[in-house]
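Coordinate-derived values only; no laboratory data. Model, not experiment: these values are computed from the prediction.
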Amino acid sequence: MQNRLYVGNLARDVAASTLQELFEPYGFVMDVKLAASDKAGVSLGHAWVTMATDEAAMAAARALDGTRLHGVAVKVEPAPVESGRAS
């Protein structure tokens, strides 16, 4: 496993700060990147969360996968190695 997680099926109004707060109980959150459209900056419904350790990421993924956030069950899983790396 790795310390970077893919978070999918997000409601469009979920903010990075909301994800930070959701993941913090499982360990230090190093980074949250919400995917947004280039044109309007509208959320694309997924994000990447980088935890400080693999162990924290594993704990967060186990605990949060399927959690309802803003009325929607989110998917939390290890991110593909190159996923979300582009700025």
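Tabulated data
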quantity: Amide proton proximity set for MET30, modelled H, under 5 Å, gap of 5+; calculated: THR50, MET51, ALA52
quantity: Over the chain: Rg over Rh, Cα atoms, Kirkwood Rh; calculated: 0.94
quantity: Folded to 0 to 90 degrees: helix 54-64 orientation relative to the chain principal axis, Cα; calculated: 60 degrees
